[in-house]
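Here's the structure we're looking at; comments come further down.
The values are calculated or read from the model by the stated rules, or taken from the named source; none is laboratory data. Bear in mind the structure is a predicted one, so any value in this text is a computation, not a measurement. Here the Cβ positions follow ideal geometry from the backbone for every residue, glycine too, while neighbour counts run over all protein chains shown. These area figures cover heavy atoms from the full protein model, side chains too; ligands, DNA and RNA do not enter into them. Shrake-Rupley method; radii C 1.70, N 1.55, O 1.52, S 1.80 Å.
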Amino acid sequence: EAGVTQSPRYAVLQEGQAVSFWCDPISGHDTLYWYQQPRDQGPQLLVYFRDEAVIDNSQLPSDRFSAVRPKGTNSTLKIQSAKQGDTATYLCASSFTNSGNTLYFGEGSRLIVV
Amino acid sequence: GDSVTQTEGLVTLTEGLPVMLNCTYQTIYSNPFLFWYVQHLNESPRLLLKSFTDNKRTEHQGFHATLHKSSSSFHLQKSSAQLSDSALYYCALSDPQGGRALIFGTGTTVSVSP
């Protein structure tokens, strides 16, 4: 069974530039999460979906960050006008509801904003 | 709100010695899921073990933890540390239905030396 796939693996931007991260969850997993992990910190939830619906985006900086999962499968996280403080690894994870909420993480997309 | 506390930021020990990582939590749920995730350098977090049963020992890959609801704790232990155990360890909490995103602690770095 394929795991969670993310791309790109790395991105280096100048402040003000935009970037999109893509995530393909494990087949059959209805829930998809985006976490931000700054260096030497734990994962911090940005947003999560159940199927195509946003369940919680309260921690997503809405002025510059957006996330979609239009068909309830793949998802895209977009950062517009990136700032140095956005430097982090962006982790996508998926799970199947009622399975004990075990999350399976992708390899992450590492973003550096200079 | 719900929270997870990991008191040690860094644990250093010699190979062969026992290791214990502390995890306590606060939650409104009477039957939460508790998890330990491990993250090796340049890798994503992966599930180490999980539990929702009070006072039952859960084991995996030489590690074990017991959920104690009376003390809201889920400490991780291993009787004999190996060099390959050097990693970041995160304790995490979820609601019993698995409908909410995991809440992670700040993490404990374990460094095992020869």
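Residues that are at pLDDT 95 or above, surrounded by 14 or more Cβ atoms within 10 Å (Cβ to Cβ) and in contact with a strand residue (DSSP E or B) (Cβ under 9 Å, 6 or more places away or on another chain): does region A:38-46 have at least one? Among the residues of region A:38-46, at least one is at pLDDT 95 or above, surrounded by 14 or more Cβ atoms within 10 Å (Cβ to Cβ) and in contact with a strand residue (DSSP E or B) (Cβ under 9 Å, 6 or more places away or on another chain), which makes the answer yes.
On the stretch given as region A:13-29, residues that are exposed (fewer than 15 other Cβ atoms within 10 Å of the Cβ) and more than 17 Å from A:Glu107 (Cα to Cα) total 6. Criterion applied to A:Ser95, A:Ser109 was being over 10 Å from the mean Cα position of the chain (by Cα) and either on the phi > 0 side of the Ramachandran plot or within 14 Å of another protein chain (Cβ to nearest Cβ) (or both), and the one residue passing it is A:Ser95. B:Tyr37 - would you say it is touching an Asp or Glu at 6+ places or on another chain (Cβ under 9 Å) and not β-branched (Val, Ile, Thr)? For B:Tyr37, the condition - touching an Asp or Glu at 6+ places or on another chain (Cβ under 9 Å) and not β-branched (Val, Ile, Thr) - is not met.
Taking first residues from region A:3-21 that are under 18 Å from A:Leu46 (Cα atoms) and without any contact (Cβ under 8 Å) to a residue 60 or more places away in the chain and partners that are among the polar types (S, T, N, Q) and open to solvent by less than 60 Å² (accessible area, probe 1.4 Å), the Cβ contacts under 6 Å between residues at least 6 apart in sequence or on separate chains come to A:Ser20/A:Thr76.
Keeping to region B:37-69, report how many residues are without any contact (Cβ under 8 Å) to a residue 12 or more places away in the chain, under 12 Å from the mean Cα position of the chain (by Cα) and open to solvent by 50 Å² or more (accessible area, probe 1.4 Å).
Selection size over region B:37-69: 2.
For region B:89-114, the candidate set comprises residues that are within 15 Å of the chain's Cα centre (by Cα) and open to solvent by 40 Å² or more (accessible area, probe 1.4 Å); within that set, the residue that is farthest from B:Asn31 (Cα to Cα) is B:Thr109. Pick from region A:60-82 the residues that are over 16 Å from A:Gly16 (Cα atoms) and at pLDDT below 90: which of them is surrounded by the fewest Cβ atoms within 10 Å (Cβ to Cβ)? It comes out as A:Lys71. Exactly one residue out of A:Arg39, A:Arg64 is farther than 22 Å from B:Lys50 by Cα and out of contact with any Ser or Thr (no Cβ under 7 Å at 6 or more places or on another chain), and it is A:Arg39. Just one of (1) open to solvent by 40 Å² or more (accessible area, probe 1.4 Å); (2) within 14 Å of chain A (Cβ to nearest Cβ); (3) among the polar types (S, T, N, Q) fails for B:Thr24. It is (2).
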